[in-house]
């Protein structure tokens with residue numbers, strides 16, 4: 001839900017410079033969001049359902065950005081051998097590196113998008 005995603009930003013704030021921020025930290029939070037935060041805090045799991053408009057990377061960025069750190073790793077990691085885990089990590093790194101040659105350098109980007117006619 002959009003509501004939960006927005007509440008997350010306010011509820012997890014650590015600001016103390018006004019009553020507004022203190023109040024948002026102490027506000028009632030929907031159970032769905034409380035459960036999502038607790039699950040992520042326990043092992044980094046983010047569950048996405050049909051009500052979520054924001055994708056997992058968005059939730060991840062807000063959780064981590066607001067200081068919610070997983071206390072443990074996902075239990076599925078125990079189901080894989082060291083070789084399988086290593087294989088997954090190598091594949092992930094390859095997928096992340098794949099688009100890099102297609103990304104323009106800084107000067108080229110400026111030329112493409114900031115050129116004045």
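The values are calculated or read from the model by the stated rules, or taken from the named source; none is laboratory data. Remember, predicted model here, so these are calculated numbers, not experimental data. Methodologically, a virtual Cβ is constructed for each residue, glycine included, from the backbone with ideal geometry; neighbour enumeration extends over all protein chains shown.
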>> Given the criteria surrounded by 10 or more Cβ atoms within 10 Å (Cβ to Cβ), in a helix (DSSP H, G or I), in contact with a helix residue (DSSP H, G or I) (Cβ under 6 Å, 6 or more places away or on another chain) and in contact (Cβ under 8 Å) with a residue 12 or more places away in the chain, does residue 54 qualify?
In response: no
> With (1) assigned to a helix (DSSP H, G or I); (2) more than 12 Å from the chain's Cα centre (by Cα); (3) surrounded by 10 or more Cβ atoms within 10 Å (Cβ to Cβ) as the list, and residue 83 as the residue in question, which single condition is left unmet?
Replying inline: (3)
> For residues in the stretch 57-70 being surrounded by 13 or more Cβ atoms within 10 Å (Cβ to Cβ) and touching a residue at least 40 places away in the same chain (Cβ under 8 Å), which is nearest to residue 11 (Cα to Cα)?
Replying inline: 66
>> Please count how many residues of the stretch 1-22 are without any contact (Cβ under 8 Å) to a residue 24 or more places away in the chain and not in a helix (DSSP H, G or I).
In response: 4
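Would it be correct to say that residue 74 is outside the structural domain of residue 14 (by TED's automatic domain parsing) and surrounded by 12 or more Cβ atoms within 10 Å (Cβ to Cβ)? Don't jump to the end; show me each part of the working.
Numbers: outside the structural domain of residue 14 (by TED's automatic domain parsing): yes; surrounded by 12 or more Cβ atoms within 10 Å (Cβ to Cβ): yes.
Yes.
Can residue 48 be described as part of a helix (DSSP H, G or I), under 30 Å from residue 9 (Cα atoms) and free of Cβ contacts under 8 Å to residues at least 60 places away in the same chain?
On the way: part of a helix (DSSP H, G or I): no; under 30 Å from residue 9 (Cα atoms): yes; free of Cβ contacts under 8 Å to residues at least 60 places away in the same chain: yes.
Considered against the rule, which asks whether it is part of a helix (DSSP H, G or I), under 30 Å from residue 9 (Cα atoms) and free of Cβ contacts under 8 Å to residues at least 60 places away in the same chain, residue 48 comes out as no.
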> Can you find a residue in the stretch 47-54 that is under 12 Å from the mean Cα position of the chain (by Cα) and closer than 16 Å to residue 7 by Cα?
Replying inline: yes
